[in-house]
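Student: Would you mind keeping the following structure in view while I ask a few things?
The values are calculated or read from the model by the stated rules, or taken from the named source; none is laboratory data. Everything numeric in this text was worked out from a predicted model, so none of it was measured. Don't worry about glycine lacking a Cβ; one is built from the backbone with ideal geometry, like all the others, and counts go over all protein chains shown.
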Amino acid sequence: MPRSLRGRRSTCYGGATSVRFSFRFRHIAPTMLLNRTKNQPRIDTRLASPPSAAQTPSLFHFSEDPAITSFVPRPVHTPSARPQGFEWLNGPLVWAIDEWHQPMYLFPRQCPRILIWPVATTTAADRMTYFGETNSRMQAYIEPPWQQTLEESRLFRYEMPADSFTSLDDAGMWVSHRSVIPIERTEIADLQAALCLDGVELHVVPALKALNHLWQTTLHVSDIRLRNARN
């Protein structure tokens, strides 16, 4: 089980943040806990579990640009290795994420991060190791150089018309082959508070690449922009 020592964390109360002190250690490296709630995170009950295949979820696209009126299909900036037959995912598409998985994008665009959460096949041991002392539904990890950027950044969440998209059945991701006009835009001025209210416990670790052991667990592990992480 993780140990707690003195250090820094911030606690959110209904969107506000205040500073407290606690340093948390997991396995191999210290993690600075930024947004543990005082009691239980205020999680919308609609977000208690991912949407089922029969449900049509709310879909969103997150951007640092406040003035997008239409999303045009574009290829990814840096193509990823795709399984045979899925190379088209590097091509021109509009991407969206469902509400349950939206914490993956509550970060500055270029910020490298890892997020983990339990799934139906997660063992009791892994749940205890990574979630035993918290009521959060996800754990998120970033590196120290991105902490200030996270604190100072703002994002704009664009709600997208779900009937324009097709599910990839992969971590809440949806795609559209045609241009999409957003329904609504919401500014998110405090990303740490948004993560906290979405039930995400945020940690700062010396190096994300030292967390390779996470892929050996029975948790779901999502990494984004790891090419920007420390070597």
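Student: Could you go through region 51-66 and let me know if any residue there is in a loop (DSSP other than H, G, I, E, B), at pLDDT below 95 and closer than 28 Å to R227 by Cβ.
Tutor: Let us first name the residues in region 51-66 that are in a loop (DSSP other than H, G, I, E, B), namely 51-58, 64-66.
Right, trim to at pLDDT below 95 and you get 51-58.
When the remaining residues are screened for being closer than 28 Å to R227 by Cβ, the result is none.
The answer is no; no qualifying residue exists.
Student: Out of L155, L214, L168, L219, report the one residue that is in contact with a Leu (Cβ under 9 Å, 6 or more places away or on another chain) and at pLDDT 95 or above.
Tutor: L155
Student: Sticking with this one: If E87 passes every condition in (1) at pLDDT below 70; (2) within 27 Å of I188 (Cβ to Cβ) but one, which one does it miss?
Tutor: (2)
Student: Another question, if that's okay. Confirm whether N212 is surrounded by fewer than 16 Cβ atoms within 10 Å (Cβ to Cβ) and outside any loop (DSSP other than H, G, I, E, B).
Tutor: Details: surrounded by fewer than 16 Cβ atoms within 10 Å (Cβ to Cβ): yes; outside any loop (DSSP other than H, G, I, E, B): yes.
It is true that N212 is surrounded by fewer than 16 Cβ atoms within 10 Å (Cβ to Cβ) and outside any loop (DSSP other than H, G, I, E, B).
Student: Taking the condition of being in contact with a strand residue (DSSP E or B) (Cβ under 7 Å, 6 or more places away or on another chain) and of a type in the set (D, E, K, R), how many residues in region 191-214 meet it?
Tutor: 1
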